[in-house]
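The values are calculated or read from the model by the stated rules, or taken from the named source; none is laboratory data. These numbers were taken from a predicted model, which means no experiment stands behind them. Glycine also receives a Cβ, built like all others from the backbone with ideal geometry; neighbour counts cover every protein chain displayed. Accessible surface areas use protein heavy atoms only, side chains included; no ligands, DNA or RNA. Shrake-Rupley method; radii C 1.70, N 1.55, O 1.52, S 1.80 Å.
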Amino acid sequence: MSLLYRLLFRAYRFYLKSKGSYQDFDSFYKQEVESGFIYTRLKGAVQLGYIPDLNEPSSFNEKSIHRRIYDRSPLWPIVTNKITVRDWLKEKGLDEDVRLIPILNVINDVDKFDFSNLDQQVVIKAAWASGMNIFVTEPESADWLKIKNKLLSWQKQEYAPERLVWSGTKMNRDFIIEKMYSTASSELLEDYKFYVFHGKVELIQVIVGRDDEPCYAHFDRDLNRIKVKRFGKKDINQSYSLNPIVNEMVIVAEKIGKYFDFSRVDLYDLEGEIYFGEITECPNNGYARFEPMKFDTELGRKWEYKS
C-alpha cells in the first residue's frame, strides 16, 4: 500500500506542476481547498504511513498539519521570524532567562551588502524561512559572488508554496548573519528541541551531528530516554547522556511555551549558557514520523487542540 501511495503522490505532484499550481501560496491553497487537500493527504500517507484526518485531527502530526493549513493567528509571523521573535522575547521579559545569539548584520538589500567585510565564521539565515542557511566556515576564501546569487534566488522565489506555511508569506524577506558557534572540538552545537504543550514540556528531542549525519534521541520531561525514533533517522548511541543543564532548559522552554497551546522551543547549550534557537509552529510541517507509530497518537493526546 505504501508503494501505491508513493506512486499516486508522484503522479499527482507532476499533475499539479504541469498545470502551474505551484506558483504561490494563494494558488496552491485554492487548489488544495477545491480538491479536499489531496496533495496534503497523499504526502501524509507517504511521509507518515497513514492518511491524515483533517476533519477530526487526533494525532500530533494531524493537529500540526491542521494548524498549518487553517491557523491565521497574527502572532505566528512574529514569533517564527528570526528577527521579530527577539523583540517578542524582550517584550515578555524572556531575554532574562535565555541568551540571544548576537546578530552581526541584517541584510535587507543583498546587492548593496559588502560581504568582504566578514572575517569570521558565520551562518547566514533567511529570517522568514526554514532550511535556507549558509554556513561560512572559511570567510577568507568563500565564493561571495556564489553566496550572493544564492541569497538573491531565495529572496525572489516563492517559499515552497506546497508547504502551505501562511506565516512565511507575511514576513519581510531579510537575512541575518550570526556568529557560528561550535564546541571546543569545532563541532556544531547540539540541538535541544522541547515540545511544550500547554506550558509543560512533554518531549525533548536532541539532534547531534548536523554538519555530517544528524542523529536523534528522545527523552521525557524527567530526562529519561524513551524508546522513540524518528523514522529514517539514525539514533544517538545508547551511552549518550544529557548534560544536567537540560533541567534548566526545561524551565526556560516552559516559560516561552506557555504562550501557546503547543510550540516547539529550540535551545542551545554553549559553555553552560542557554541560548535561544527558535519557536516552531508546526515541526516538520506535520510530517515528523515517529517509531513506533502509536507515539504520534500518544503525543497528540497531550495537545488540547481546538480545531
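Some observations on this one:
- Inter-residue pairs, beta-carbon under 8 Å, first over 21 Å from Arg72 (Cβ atoms) and in segment 20-41, second in a helix (DSSP H, G or I) and of a type in the set (A, V, I, L, M), 6+ apart: Tyr22/Leu16
- Top-ranked residue of segment 160-181 - restricted to ones that are more than 17 Å from the chain's Cα centre (by Cα) and hydrophobic (A, V, I, L, M, F, W, C), ranked as most open to solvent (accessible area, probe 1.4 Å): Met180
- Subset tally (residues that are crowded, with 18+ Cβ neighbours inside 10 Å, more than 26 Å from Val123 (Cβ to Cβ) and charged (D, E, K, R)) for segment 58-88: 3
- Selection within segment 222-265 - free of Cβ contacts under 8 Å to residues at least 40 places away in the same chain, assigned to a loop (DSSP other than H, G, I, E, B) and of a type in the set (Asp, Glu): Asp222
- The residues of segment 1-56 that are of a type in the set (Gly, Ala, Ser), open to solvent by less than 80 Å² (accessible area, probe 1.4 Å) and over 24 Å from Arg289 (Cα atoms), listed by number, are Gly20, Ser21, Ser27, Ser35.
- Unmet requirement for Lys125, which otherwise passes all of (1) buried (at least 17 other Cβ atoms within 10 Å of the Cβ); (2) at positive phi: (2)
- Just so you know, in segment 143-159 the residues that are in a loop (DSSP other than H, G, I, E, B) and without any contact (Cβ under 8 Å) to a residue 24 or more places away in the chain include one that is farthest from the chain's Cα centre (by Cα), and it is Asp143.
- Residue in segment 192-214 that is touching a Leu at 6+ places or on another chain (Cβ under 7 Å), surrounded by 14 or more Cβ atoms within 10 Å (Cβ to Cβ), assigned to a loop (DSSP other than H, G, I, E, B) and among the charged types (D, E, K, R) present: yes
- Residue list for segment 95-120, filter: over 25 Å from Arg163 (Cβ atoms) and open to solvent by 80 Å² or more (accessible area, probe 1.4 Å): Glu96, Arg99, Asp111, Lys112, Ser116, Asn117, Asp119
- The lone criterion from (1) out of contact with any Leu (no Cβ under 8 Å at 6 or more places or on another chain); (2) closer than 19 Å to Trp88 by Cβ left unmet by Ile274 is number (1).
- Flag for Lys92 being of a type outside the set (S, T, N, Q), more than 30 Å from Phe295 (Cβ to Cβ), surrounded by fewer than 18 Cβ atoms within 10 Å (Cβ to Cβ) and without any contact (Cβ under 8 Å) to a residue 24 or more places away in the chain: no
- Of all the criteria given as (1) closer than 15 Å to Ile69 by Cβ; (2) touching a helix residue (DSSP H, G or I) at 6+ places or on another chain (Cβ under 9 Å); (3) among the basic types (Lys, Arg), the one not satisfied by Arg13 is (1).
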